[in-house]
Amino acid sequence: MGSRRDCTWILGLPGFRVESIVGNDAATSRLSVRIERLGRRYPCGGCGRRTGRVRSTKERTWDDLPWAAHPVTLVYRQRRVDCRRCGIRIERVEFADAKARVTRRLRQQIGVDCQSMPTSHAAVRHGVSWGKARRAEKAFLGDWDRRRITRQPRHIGLDEIHRGKGQRFWSVLSDVVHGEVMDLRQDRSEATATALLTEALTARQRGAITAVCTDMHRPYLNAVGAVLPRAETVFDKFHVLQHASAALDEVRRQEFFRAGAIMREHGRGKRWLLLRRWKTVRGSKRRELQALFTANRRLFKAYVLREQIDRLWTYKTRPGVLNFLNGWINALRWQRLPEMERLGEFLFRHIDGIAAYCDHPVRFGVVESINTTIKAVLRRARGMRDERMRLLKLKWATAHPIRSARDLAAFLTAQPQYSN
Ligand SMILES: [Zn+2]
């Protein structure tokens with residue numbers, strides 16, 4: 001074994017030196033690294049002031065980063081000190097949080113790893129139990145969340161996420177400017193939405209909001225109207241387009257399935273093809289679609305009308321949007337497409353929330369990408385009971401704070417944080 005001085009240098013815990021290292025001959029044996037504080041004055045666990053008045057000592061261990069293939073356990077005789085200000089306190093150790101069983105640097109490693117692999121995998125990788133890894137991850141995420149600056153987004157999103165069997169809904173509040181989840185609650189009632197808007201946002205944050213992007217769910221609209229009377233509601237484009245696709249699908253059913261066996265055979269298996277957007281259909285599929293339209297002109301008309309709805313979000317002024325919608329509805333005349341007419345009425349009823357996009361260009365793509373990420377995280381965390389943990393994981397996944405080597409280094413060398 002090298003000199004103790006070399007070992008102290010390799011261990012790299014400021015203020016501590018290595019006393020001895022114990023392990024057996026196996027290439028992957030666990031090392032017990034006994035360390036001792038430099039000097040005879042010990043910081044108080046309450047205020048941090050150093051004192052030499054020691055009452056008793058107790059041996060404690062912490063798991064630490066491995067040395068090559070050897071997992072490492074640090075062994076240290078922690079003092080109980082008699083502080084002039086605080087009384088009898090446990091000595092503060094700088095390399096770990098109070099009560100933690102792993103060092104802070106190992107906690108950071110586990111925490112970062114857990115964001116890209118299952119907890120069980122990260123636990124095996126770092127030679128700790130599943131419970132230790134999970135607690136480390138939670139402390140890591142909590143620490144990250146506490147240190148973040150509170151943002152005041154202009155646009156927020158209030159959306160429902162449908163998960164699992166038996167109508168389980170979640171209401172999600174998100175910052176759609178930066179693309180991050182802010183809070184999450186089970187259920188999608190007006191009370192839940194109101195609680196989200198009042199409890200998850202500070203008064204300052206509420207004051208900064210100019211627009212809320214949401215779907216046409218009535219309880220949400222009521223909650224937004226009551227809590228944020230000055231913010232405008234912008235309807236989520238993808239929800240509106242979903243209604244348009246449903247109308248188109250109804251036309252397909254009407255034209256093929258209720259029109260006899262020959263037509264039915266023609267339209268079989270074309271549902272997903274028909275619901276796709278023209279610009280995403282290529283090659284032979286495009287020809288298939290064209291054949292379908294040759295067989296039925298009304299379906300073609302309905303398809304074209306659906307494609308045009310996109311233009312609702314291209315106008316700069318509200319009269320422009322209204323003009324376009326009027327033109328769209330006029331084009332329906334004499335077409336005998338009752339489903340599309342109903343869609344037109346629906347769009348007309350919700351024109352305020354659609355046209356509000358002119359003044360508040362919410363980033364719909366961000367809204368969509370948040371929803372996709374949430375679904376992926378919830379699917380992976382299906383067994384997770386801990387609500388706070390679930391929220392922290394969602395926040396991390398949508399904020400993705402590690403984008404460069406420098407970000408990663410900042411996380412792995414996070415500085416200790418004390419309450420005083
Ligand atoms: Zn003290």
* Of the residues Arg89, Arg80, Arg40, which is within 13 Å of the ligand (Cβ to nearest atom), surrounded by fewer than 19 Cβ atoms within 10 Å (Cβ to Cβ) and among the basic types (Lys, Arg)? -> Arg80
* Filtering region 92-123 down to residues that are closer than 16 Å to Leu392 by Cβ and of a type in the set (S, T, N, Q), which residue is surrounded by the fewest Cβ atoms within 10 Å (Cβ to Cβ)? -> Ser116
* Please specify each residue of region 362-378 satisfying the condition of being touching a residue at least 24 places away in the same chain (Cβ under 8 Å) and in a helix (DSSP H, G or I). => Phe364, Val366, Val367, Glu368, Ser369, Ile370, Asn371, Thr373, Ile374, Lys375, Leu378
* Structure fact -> Of the residues in region 99-121 that are over 20 Å from the mean Cα position of the chain (by Cα) and aliphatic (A, V, I, L, M), the one that is nearest to Pro66 (Cα to Cα) is Leu106
* Would you say Thr51 is modelled with pLDDT of 90 or more, among the polar types (S, T, N, Q) and surrounded by fewer than 17 Cβ atoms within 10 Å (Cβ to Cβ)? -> no
* Among the residues listed as Val181, Val177, Val240, Val227, the single one being in contact (Cβ under 8 Å) with a residue 60 or more places away in the chain and surrounded by fewer than 20 Cβ atoms within 10 Å (Cβ to Cβ) -> Val177
* Failed item, numbered, when Trp396 is tested on (1) at pLDDT 90 or above; (2) in a loop (DSSP other than H, G, I, E, B) -> (2)
* away from the ligand (no atom under 16 Å from the Cβ), under 43 Å from the mean Cα position of the chain (by Cα), within 26 Å of Leu141 (Cβ to Cβ) and modelled with pLDDT of 90 or more: does that describe Thr8? -> no
* To do: Taking Arg34 as the residue in question, decide whether it is more than 14 Å from the ligand (Cβ to nearest atom), under 35 Å from the mean Cα position of the chain (by Cα) and among the basic types (Lys, Arg).
  => no
* Restricting attention to region 192-212, does a residue exist that is in a strand (DSSP E or B), free of Cβ contacts under 8 Å to residues at least 24 places away in the same chain and not β-branched (Val, Ile, Thr)? -> no
* Please report, ordered by residue number, the helices (runs of 4 or more DSSP H) entirely within region 245-314 with at least 3 residues that are more than 36 Å from the chain's Cα centre (by Cα) and closer than 24 Å to Asn326 by Cβ. => 297-308
* Any idea how many residues of region 124-142 are surrounded by fewer than 18 Cβ atoms within 10 Å (Cβ to Cβ) and in contact (Cβ under 8 Å) with a residue 60 or more places away in the chain? -> 2
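The values are calculated or read from the model by the stated rules, or taken from the named source; none is laboratory data. The structure presented is a predicted model; accordingly, all values stated were derived computationally and were not measured. Ideal geometry is used to build each Cβ from the backbone, glycine not excepted, and the neighbour counts take in all protein chains shown.
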